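Student: One structure, pasted below without further comment.
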Amino acid sequence: MIDDISNIVVLTGAGVSAESGLATFRGPDGLWEGHRVEDVCTPEAFRRDPALVHAFYDARREKLKAVEANAAHRALARLDAEWPGKLLIVTQNVDDLHERAGAKRILHMHGELKSAWCLGCDARMKWEEDLGSGPPCPACGACGRLRPDIVWFGEMPYEMERIDRALTGADLFVSIGTSGAVYPAAGFVQTARYAGARTLELNLEPSLGSYHFHETRTGRAGEVVPAWVGEMLGAA
Ligand code: BV8
Ligand code: ZN
């Protein structure tokens, strides 16, 4: 399974950050303040009630300061540092725990909590504080024009061409901690498999797309990810 593998694409979802204490979308805590997450993560929700959507993201940005990367993030950072071939970690997560564990080859396809996007001048910038108070844009000075730099439902995920090239060139595609409920991320396994990659799923339970994978290993990311990385580097 390992000797003919050089190019790896990893896709991570909320399950990889669950053991750090960050809520997943579809667990029992899949609701937020009584709202279905899908109702808060849309441009329509933001137009209708910007204060509610800002409060949702301001709370998550604040929570992020109080949590730490876990063993799964650290194992992926070790793979990033030591894997001699190509590696791209595409994450659906908007937290920065992969980076805080030391991973470098990361792509946030759904944006980041710690980034803001100005609807006045289109600038994007690092942002750690609240946005609900309508702060001025550091680039153009406009107040109340900053939105979370997050990809909402109905919006195009970032860097899809780059992701597609990585998937079609992959020898191995590994999906970690995602329910396979949301597209286009949920379709990546099919793109990779069709292009000839081996496909592996590491998840607490089989996901909606499990049958697309050559192999599914169930367990907590904090256990199954370090074990898998050990296999890959042990043979590298
Ligand atoms: C787009 C950022 C088009 C926000 C997110 C009908 C059919 C097919 C598609 C659609 C459709 N209707 C609408 C669509 C499109 C829609 C979609 O897929 N909807 C779904 C609901 C059907 N998709 C979109 O809108 C996307 N854009 O299609 O654009 C387009 C084309 C042209 C021009 C313009 C636009 C954009 C989707 C992105 C939305 N943003 N996130 C934020 O974070 O606040 S989505 C969000 O949910 C995540 O980012 C992720 O992508 C998705 C799923 O979440 P997961 O990460 O998988 O987490 P989840 O809780 O679901 O699962 C956790 C898993 O972990 C579970 O399996 C659990 O068992 C496991 N787990 C738990 N604990 C552990 C664990 N595993 C291991 N260890 C543990 N300890
Ligand atoms: Zn601006």
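The values are calculated or read from the model by the stated rules, or taken from the named source; none is laboratory data. Everything numeric here is computed off the predicted structure, so don't read it as measured data. Reconstructed Cβ throughout: ideal geometry from the backbone, glycine too, with neighbour counts over all protein chains shown. The area values use the complete protein model at the heavy-atom level, side chains included, leaving out ligands, DNA and RNA. Shrake-Rupley method; radii C 1.70, N 1.55, O 1.52, S 1.80 Å.
Student: Within the chain, how many Lys pairs sit with Cα atoms under 24 Å apart, leaving out pairs fewer than 8 places apart on the same chain?
Tutor: 10
Student: Sticking with this structure for a sec: Can you give the log10 of the normalised intensity I(q)/I(0) at q = 0.15, 0.18, 0.22, 0.26 Å⁻¹, computed with Debye over equal Cα scatterers of the stretch 30-85?
Tutor: The Debye formula, applied to the Cα set alone, gives -0.63, -0.71, -0.83, -0.99.
Student: When the label point is put 7 Å from the Cα of Arg26 along its Cα-to-beta-carbon vector, which residues of the stretch 203-229 have a backbone N closer than 14 Å?
Tutor: Counting only backbone N, you get 203-212.
Student: Looking at the stretch 1-104, what % of the alpha carbon pairs are farther apart than 17 Å?
Tutor: Numbers: 3192 of 5356 pairs.
That fraction is 60 percent.
Student: If you don't mind, another one. Kindly report the accessible area of the stretch 43-161 per residue (heavy atoms of protein chains, probe 1.4 Å, no ligands, DNA or RNA), in Å². Each step should come with its number before you reach the end.
Tutor: Numbers: 5560 Å² over 119 residues.
I get 47 Å² per residue for this part.
Student: Can you give the extra length, in nm with one decimal, that the chain gains between Thr42 and Ala227 once fully stretched, where that is 0.36 nm per residue apart less the Cα-Cα distance?
Tutor: On the way: separation 185, 0.36 × 185 = 66.60 nm, distance 3.71 nm.
In short, 62.9 nm is gained.
Student: Out of residues 5 or more away from Ser6 or on other chains, whose amide H comes under 5 Å of its own, with H placed 1.01 Å from N in the peptide plane?
Tutor: Asp171
Student: From zero outward in steps of 10 Å, how is the percent of C-alpha pairs of the chain spread across the bins?
Tutor: Cα pair-distance distribution for the chain, in percent: 8, 32, 35, 19, 6, 0.
Student: Quick check for you: which residues of the stretch 132-156 have the amide N under 13 Å from the point 7 Å beyond the Cα of Ala51 toward its beta carbon?
Tutor: 132-134
Student: To two decimal places, what compactness ratio does the stretch 96-218 give when its Cα radius of gyration is scaled by 2.2 N^0.38 Å? Before the final figure, lay out each step's value.
Tutor: On the way: Rg = 17.6 Å, N = 123, 2.2 N^0.38 = 13.7 Å.
Rg over 2.2 N^0.38 Å, computed on Cα atoms: 1.29.
Student: Here is a follow-up. For the chain, with a Gaussian network of springs between Cα atoms less than 10 Å apart, report the residue from Cys41, Cys137, Cys121 with the top mean-square fluctuation.
Tutor: Evaluated over the chain, the most mobile residue of the options is Cys121.
Student: Under 5 Å between amide H atoms, partner at least 5 residues away or on a different chain: which partners does Gly111 have, H built in plane at 1.01 Å?
Tutor: Val151, Tyr158
Student: Provide the net charge surrounding Ser207, with neighbours chosen by a C-beta distance below 11 Å and charges set as Lys +1, Arg +1, Asp -1, Glu -1.
Tutor: Details: positive: Arg26; negative: Glu201, Glu205.
Here the charged neighbours net out to -1.
Student: For the stretch 107-124, what does the Karplus curve 6.51 cos²θ - 1.76 cosθ + 1.60, with θ = phi - 60°, yield as ³J(HN,Hα) per residue in whole Hz, taken in order and with x for Gly and Pro?
Tutor: Each residue of the stretch 107-124 in turn: 10, 8, 6, 10, x, 9, 4, 8, 9, 10, 10, 8, 7, x, 10, 6, 6, 10 Hz.
Student: Each residue of the stretch 201-217 in turn: what ³J(HN,Hα) in whole Hz from Karplus with 6.51, -1.76, 1.60 and θ = phi - 60°, glycine and Pro shown as x?
Tutor: 10, 10, 7, 4, 9, x, 7, 5, x, 3, 5, 7, 8, 4, 9, 10, 10
Student: Based on the Cβ-Cβ distance of Arg165 and Asp122, what FRET efficiency does E = 1/(1 + (r/R0)^6) give at R0 = 22 Å, to the nearest 0.05? Intermediate results must be reported in sequence, preceding the final value.
Tutor: Numbers: r = 26 Å, r/R0 = 1.16.
Result of the calculation: an efficiency of 0.30.
Student: Only helices at least 18 Å long along their axis, Cα-based, and averaging -1.0 or more on Kyte-Doolittle count here, so list those DSSP H runs from the chain. Could you put the intermediate results ahead of the total?
Tutor: Working: long enough: 50-64 (21 Å, -0.40); 221-235 (21 Å, 0.87).
Sorted by number, the helices that extend far enough and score high enough are 50-64, 221-235.
Student: Something else now. Over the Cα atoms of the stretch 112-184, what Rg and Dmax result, in angstrom?
Tutor: Just the Cα atoms of the stretch 112-184 yield Rg and Dmax of 16.2, 48 Å.
Student: A further question follows. Among the Cys residues of the chain, which have no other cysteine Cβ under 4.7 angstrom away?
Tutor: Those would be Cys41, Cys143, since no other cysteine Cβ in the chain comes under 4.7 Å of theirs.
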